[in-house]
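The values are calculated or read from the model by the stated rules, or taken from the named source; none is laboratory data. Not measured: the values here are computed from a predicted model. For neighbour counting, all protein chains shown are included, and Cβ atoms are generated from backbone atoms with ideal geometry for every residue, glycine included.
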Amino acid sequence: MNKTILVLILPIFLFAQTLLPHREFKANGMIYEFLISDNKIYSATDKGEIDIFSLESAKLVETIKFPTIPNFYGENIPAKLYSIDKFKNKILILSESEYGGRTIYLSENGKIRKILNSRSPIKKVRFINDVLFMYATLGNEIVLYDLWNNKQIYKKQINSSPFSDFSIYNDEVAIACESGEISIANIWTGDILDILKGGNLDNVYKLVFQNNIIVGAGQDRQVGIYQRKTGKYSQVKAEFIIYSVGLSADGKIGAYPYNQNNEIKIFETKSGNILHILKGQKATLNTMKFIDKQTLLTSSDDEYILEWKLLP
């Protein structure tokens, strides 16, 4: 069902506080994506490595290196690691491969295993459980893959617009594309359950789906905020293109970069009230993750992950 219900949000800045980074983690290369697991940060870099940091000490504690690839001159170079996910002791990695292709690897107990090669430009990978994972291609196909049997369970074309991002919550996956629409599909079948419209009118670069709240980072300089159950949406505006968003686990607190200086606003998704303004990000943001309501981690198109402590 298509829903076009708009709730206008007028942000209130009265009590917003400006905050600086609490501390930083420096990787060995530019970070494409990171995750948080077991009190550690796992960062995927353009140097073909996962740099693993202790959240307690902020020190680099381990590095996992992935196979190099040949360039057009026949030289072996590090492969860019574009996407990362973890389930228990398994790490799933989407890597650059030769001549513009993609490779999906599984790292487990110190061993790295190639799962598949693709000439199609795969954009993102995520675990569903210990056996299954999902990936999406630039052509906006989502694929459910069986690790045990090394085969696809299904491949579904979502629509004709190029893929941007997806986010999984319970049995559903929210899928964003260049049209601005967000498609909701069942993760087990790939069937489309709903299409959400209106929150963004152009490309949604990133989205996060938590506790039946969906937030999307828009090329139209807006964060679209959807209530999954009702289809109602609201918007908060920025001064510049929004390339990334964050959302707390309960869906109540969001984060987005709002200007060319990569400054970040922390806001309430229900009211749009601005709680904090974060200053000190070094480059264009690409990943934003809440550890809890008082702690946010962010990475940008450089080697730094910043930790922010938010006041209650």
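Within segment 232-252, track down each residue that is among the aliphatic types (A, V, I, L, M) and surrounded by fewer than 23 Cβ atoms within 10 Å (Cβ to Cβ). I'd like the intermediate steps shown before the answer.
Narrowing segment 232-252 to residues among the aliphatic types (A, V, I, L, M): 236, 238, 241-242, 245, 247, 249.
Listed by number, the residues that qualify are ALA238, ILE241, ALA249.
Just one of LYS123, LYS90 is at pLDDT 95 or above, more than 23 Å from ASP301 (Cβ to Cβ), surrounded by 13 or more Cβ atoms within 10 Å (Cβ to Cβ) and basic (Lys, Arg); which is it?
Numbers: LYS123 fails: more than 23 Å from ASP301 (Cβ to Cβ).
Only one candidate passes the filter, namely LYS90.
Do we have any residue at all in segment 285-299 that's in a strand (DSSP E or B) and surrounded by fewer than 15 Cβ atoms within 10 Å (Cβ to Cβ)? Break it down stepwise before answering.
Going residue by residue through segment 285-299, those that are in a strand (DSSP E or B) are 285-292, 295-299.
Cutting the leftovers down to surrounded by fewer than 15 Cβ atoms within 10 Å (Cβ to Cβ) gives us 292.
The answer is yes; a qualifying residue exists.
Anything in segment 177-211 that is touching a residue at least 40 places away in the same chain (Cβ under 8 Å) and of a type in the set (Ser, Thr, Tyr)? List them, or say none. Please lay out each step first, then the result.
Kept after step one, since they are touching a residue at least 40 places away in the same chain (Cβ under 8 Å), are these residues of segment 177-211: 180, 182, 184-185, 187-188, 190, 194-198, 204-211.
Scanning segment 177-211 gives a single hit, TYR205.
Quick one: in segment 68-87, which of the residues that are modelled with pLDDT of 95 or more and assigned to a loop (DSSP other than H, G, I, E, B) is farthest from SER118 (Cα to Cα)?
In this case the residue turns out to be PRO78.
Could you list, ordered by first residue, the pairs with Cβ atoms under 9 Å in which the first is in segment 226-247 and free of Cβ contacts under 8 Å to residues at least 40 places away in the same chain and assigned to a loop (DSSP other than H, G, I, E, B) and the second is aromatic (Phe, Trp, Tyr) and surrounded by 17 or more Cβ atoms within 10 Å (Cβ to Cβ), at least 6 apart or interchain?
From residues that are free of Cβ contacts under 8 Å to residues at least 40 places away in the same chain and assigned to a loop (DSSP other than H, G, I, E, B), the pairs are ALA238/TYR256; ALA238/TYR258; GLU239/TYR258; PHE240/TYR258; ILE241/TYR205; ILE242/TYR205; ILE242/TYR256; ILE242/TYR258.
Is it the case, given these coordinates, that ASP202 is among the acidic types (Asp, Glu) and farther than 20 Å from LYS123 by Cβ? Please lay out each step first, then the result.
On the way: among the acidic types (Asp, Glu): yes; farther than 20 Å from LYS123 by Cβ: no.
Here the answer is no, as ASP202 does not meet what is asked.
Report, by residue number, each residue of segment 17-67 that is out of contact with any Pro (no Cβ under 8 Å at 6 or more places or on another chain), charged (D, E, K, R) and in a strand (DSSP E or B).
ARG23, GLU24, LYS26, GLU33, LYS40, ASP51, GLU62, LYS65
GLY139 fails exactly one of the following numbered conditions: (1) touching a residue at least 24 places away in the same chain (Cβ under 8 Å); (2) closer than 26 Å to SER161 by Cβ; (3) over 16 Å from the mean Cα position of the chain (by Cα); (4) part of a strand (DSSP E or B). What is the number of that condition?
(4)
Would you mention how many residues in segment 93-107 are modelled with pLDDT of 95 or more and charged (D, E, K, R)?
Result for segment 93-107: 2.
Could you list all residues from segment 202-218 that are at pLDDT 95 or above, farther than 18 Å from ALA185 by Cβ, out of contact with any Leu (no Cβ under 9 Å at 6 or more places or on another chain) and part of a loop (DSSP other than H, G, I, E, B)?
Correct list: ASN203 only.
With VAL223, VAL173 as the choices, which residue is over 14 Å from ALA136 (Cβ atoms), in a strand (DSSP E or B), among the β-branched types (Val, Ile, Thr) and within 18 Å of the chain's Cα centre (by Cα)? Walk me through it before giving the result.
Values: VAL173 fails: over 14 Å from ALA136 (Cβ atoms).
Residue meeting the stated conditions: VAL223.
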